[in-house]
Every structure is written in C-alpha cells, then in structure tokens.
Amino acid sequence: MPFTVDSIIKRTGETVSFDRNKIAVAVYKAGASMGHHDQELANAVTQQVVAAVSATYSNDLPPTVENIQDIVERVLVKSSQPKAAQIAKAYSAYRHERAKIRTLSESAKIDNIPYKLMWNALDWNVEHDCHTIGKLNEIVRSGRLPKLIGAAERCYDAMIEGAAKSVLERRSELRFVIVAGPSSSGKTTTTMKLLERLEAHGVHVIPMSLDNYFFDLELHPKDEFGDYDFETPEALDLALINQHLAEIDAGRPVEMPTYDFKTGKRTGETTRFEPEPGSLVLLDNLHGLYRGLTESVEAEHKFKIYIETVSQLKNNAGQYIRWTDIRLLRRMLRDSQFRAYPPEKTILHWHYVRRSELKHIIPNQGSADFKVNSALPYELPFLKHRLAEYLPDFIERWRGNEKRLDGYIRARRIQDLLESVDGVADDSIVPPTSLLREFLGGSAYEVH
C-alpha cells in the first residue's frame, strides 16, 4: 500500500512533516534502554507502523503524535519478535514518564533556570566593565585584556574552591563526586581542579572515566548523512555502569572495559579499577545527573556538581549571547584540534547535542548539590581568531539546502557574533591552568 500521509499534528496543534525516522529512533532507544541494540527490529517496526498509518489516515485527516505512538505500541505488542514485548513495555513507560514531565513543565522551566549564576555573572561583568561586546573590544584595544583574564580566572577558581568545601562538609558519607553538564562546558578542567583542591585537603581522589562504557558506534542510530547519535545516555552501557558503581560503593574492585575512539569499538581488554578504602571516586560525564546513570548508588553517597556556561555578555544589538553558541565554538575548536573532527561536522552534529541536552541534561540540573559557571568573559577574541575563517564557506555551501538549514542558521548566527568581536592571535596570556586551555590546547591538565 502506498504511503498517503505527509504530515502529523503536534500536541501544540501545529501541523508538521511526518518523519518516519523518528519512529525508528524511538523504538531503537526503547530497546537500548533495556540492553537490546537491534536496528533491524526498529526498522521493521517502523515499516509496519507506516503501513498502519497509511491504512487509517490521510492528508485530509492527518494523525496526531498520540495516534502514531498508539500504533507503535500496538505493533510492538503484536510482533512475533522475542524482544518486542519487552521493548513495548519500555516504550510505554517512556510515554508515561514524558506525560508526567509535560504536566510539570511550567514549574520545571522555572527550576531549570540558574538565576543565581546568571545574577552573579552579570554583577561581575558590570563590575569589571565587560558586560557588552563593545566593552570587551575596548579592553582588548586598550591592552587591559591580561588584567581581565587574571580576574576571571580568580573568580572561576573561587567557585571550584567553594565546591571543594561543600564536598568536604559531607566527606564522611560520600563515595562519589560527579561533575556533569552539557557539551564543552568545561567538565574535564573543572574535574581536575576539583581533584587538586580535595587532594590539598588530604582527601584521596581517583578519577573514573565512563567514556570506556560506550557501546560500539555501529550500534547507535545513524542518519541519512552517516552521522551517529551518540549523545544520549543510552549510548552508554548503563547496566554495566550501575553494576560496577554498586561494586565500587561496596568496596569491591571492578574490571573496566576499554573503548577505542578511533575505531568506535570496545577493545575487549579491561583495566582493574580498585579505589583505596576511604577515597573518593570522581566521575566526569555529560549525563552525570541522569538518574539511570548512577541509580545503583544511594543518594547520600553522591555529591553532584553541575557546570554550565552562563554568559551574561550582550551583543551589539543589546541581546544576551546564547550560552549554547559559546559551547558550540569551544567544541568546534576542540574537535578539530584533538579529535580529527572538522568544524563543519561539529556544527552539523550539534542538533543531536542540543536535543540530548534539552531532554536528559538541563532538566536534571535541579538535583545538583553545587553549580559552577564556566563562562569566561574574555574567551571570544581567542575563539574568533581560531574559527572565524571557516564560517563563510559553510554558509555559502549550505545556503538554500533545506537538509542543512539547522547548520546554516547556527553558522550565520555565530558568524554574526564573531564579526563583532576583536580577535586576538597571541594566546600566551591565557594561563595553562585556565579552563579555556581545554579547547585552545596547552593545558596543564590531561584533558583529551
């Protein structure tokens, strides 16, 4: 039967294009949450759902999102595939959870705005006369940039010291310290600085990398351009992570897997991880606040730190710069320098990053015990020097291409931002202990 439906109705009443790939991704993720990584099953279910939609609806009477989800559940329940029944339960549970989140959405939006960090950042910027791009350019032109850098670094270090003191207040009950936050917020440097301060206070701290718990890249959903969505919590082996964290919490050693990012696969080799009694285990991960990542550990054994790039800098139009654009620029630079991932691909992949942040990271920040602002009011001149040259080419090639519209809009926006900033080529005035070095290179810490 030919497919006869081109659009669906969202919960807001808006009519949008029907995208069958979203069905496959949702089914795949439902299975992944239970340890079943079966893209073939997801594709087969999608075909059956599309057939059922075509037989029931038309463009004159398009289905709603709820209609589509109901059909997905029915197809899964009736499927003869052995895994389908379990996936149906996971999919249903996910729908129920999302409904609860929507019910609480208004209060959640308020809770998820870090007002204190925003106010402190604005107050600091005004006090140091760098609250607009124009003011920042004046600082650069007058030779006062080194002074601003020194003040900003002292402010950031004071926040890390505050986090360390808060950890020490609960030292007797803690086993894990978790540093979480969205992409390129500076988690790695924050983690290392926190480790230094805790060690200085006589606390033995052992970092534990959860990057080794990624599933093989080929198991993640892939779009039409060959890009993988590895930004979700389900990209990690959550079951194994929780098993190992529970063992560590009980004082027992674990054999950690080893992941090779060049091949996108686990190597099969393991590393024994056996923290000394009384030591703290330091976890640095995007999804550190996601409940499913550490649910095997009792709440009182965890101290959770959330880090975000809360910039309170206004552009020449009097609008605050988007925090996400600063993080995008940071990631473009880091990916190109240290991960052989060109800036073009970083921009085009960013929609996966944002989708996961909005769904899995930002809504959980309210559970943090401490929040850190990683925005550096002086960083844009250095980011401009490294990245501005790439943007005109991207914009020209993506102009008029609907499939690249998201990348085009982002590239235009950050180009407009960087064009208003005075670039600085000499980054020798940025100290090696600065968080910005995580992206520029030359960091005093092992950050890549």
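Every number here is computed from the coordinates shown, using simple stated rules; none is lab data. Remember, it's a predicted structure, so these values are computed and weren't measured experimentally. With ideal geometry, Cβ positions are generated from the backbone for all residues, glycine too; neighbour counts draw on all protein chains shown.
What pairs from Lys22/Lys193; Lys78/Lys345; Lys10/Lys78 go past 29 Å between their alpha carbons?
Details: Lys22/Lys193 40 Å; Lys78/Lys345 40 Å; Lys10/Lys78 26 Å.
Violating the 29 Å Cα-Cα cut-off are Lys22/Lys193; Lys78/Lys345.
By how many degrees, between 0 and 90 and to the nearest 10, does the Cα long axis of helix 115-127 differ from the longest principal axis of the chain?
30
Could you state the angle between the C-alpha long axis of helix 238-249 and the longest principal axis of the C-alpha atoms of the chain, as a value from 0 to 90 degrees rounded to the nearest 10?
Taking the Cα atoms of the chain, the angle to 238-249 is about 50 degrees.
Give me the lysines in straight-line cross-link reach of Lys135: C-alpha distance below 22 Å, same-chain residues under 8 apart excluded.
Lys135 reaches Lys147, Lys314, Lys384.
Quick one: which residues, 5 or more positions from Asp284 or on another chain, have an amide H under 5 Å from its amide H? H modelled 1.01 Å from N in the peptide plane, none for Pro or chain starts.
The list, which skips near neighbours in sequence, is Val179, Met208, Leu210.
Sort out for me the Cα centre separation of region 148-204 from region 292-329, rounded to whole Å.
Answer, in whole Å: 15.
Determine ³J(HN,Hα), in whole Hz, for all residues of region 275-292 in sequence, where each value follows from phi through the Karplus function 6.51 cos²θ - 1.76 cosθ + 1.60 and θ = phi - 60°; x replaces Gly and Pro.
x, 5, x, x, 7, 9, 9, 9, 10, 10, 7, 3, 9, x, 8, 5, 4, x
Between helix 145-169 and the chain, what is the angle of the helix's C-alpha long axis to the longest principal axis, kept within 0 to 90° and rounded to the nearest 10?
The angle comes out at about 70 degrees.
Taking the highest mean first, how do the peptides 297-307, 413-423, 114-124, 374-384 order by number of other beta carbon atoms within 10 angstrom per residue?
Going from most to least packed, we get 374-384, 297-307, 413-423, 114-124.
How big is the chain by Rg and Dmax over its Cα atoms, in Å?
Every Cα atom of the chain included, Rg and Dmax give 23.4, 72 Å.
Within 10 Å of each residue's Cβ, count the other Cβ atoms and sort Met34, Met256 from fewest upward.
Fewest to most other Cβ atoms nearby, the residues stand as Met34, Met256.
Test of understanding: ordering Glu231, Glu344, Glu274 by Cβ neighbours within 10 Å, fewest first, what list do you get?
In order of increasing Cβ crowding within 10 Å: Glu274, Glu344, Glu231.
How many angstrom lie between the Cα centre of region 267-286 and the Cα centre of region 373-406?
37
For region 7-103, state the semi-axes of the equivalent ellipsoid (square roots of 5 times the eigenvalues of the alpha-carbon gyration tensor), sorted largest first and rounded to whole angstrom.
Values: eigenvalues 97, 54, 23 Å².
For region 7-103, the ellipsoid semi-axes come out as 22, 16, 11 Å.
How big is the antiparallel share of DSSP beta bridges in the chain, given as a percent to the nearest 5?
Of all bridge pairs located within the chain, approximately 40 percent are antiparallel.
Rank the residues Thr56, Thr294, Thr324 as a footprinting-exposure proxy: fewest other Cβ atoms within 10 Å of their Cβ go first.
Thr56, Thr324, Thr294
Just to check I understand the Karplus step: with θ = phi - 60° and J = 6.51 cos²θ - 1.76 cosθ + 1.60, what whole-Hz values come out for region 396-412, glycine and proline as x?
Here the 3J(HN,Hα) series is 5, 6, 8, 4, x, 8, 4, 6, 10, 4, 4, x, 4, 5, 5, 4, 5 Hz.
Using label points projected 7 Å from each Cα along Cα→Cβ, tell me how many nm separate Glu247 and Asn401, to one decimal.
My value for the distance between the label points is 4.6 nm.
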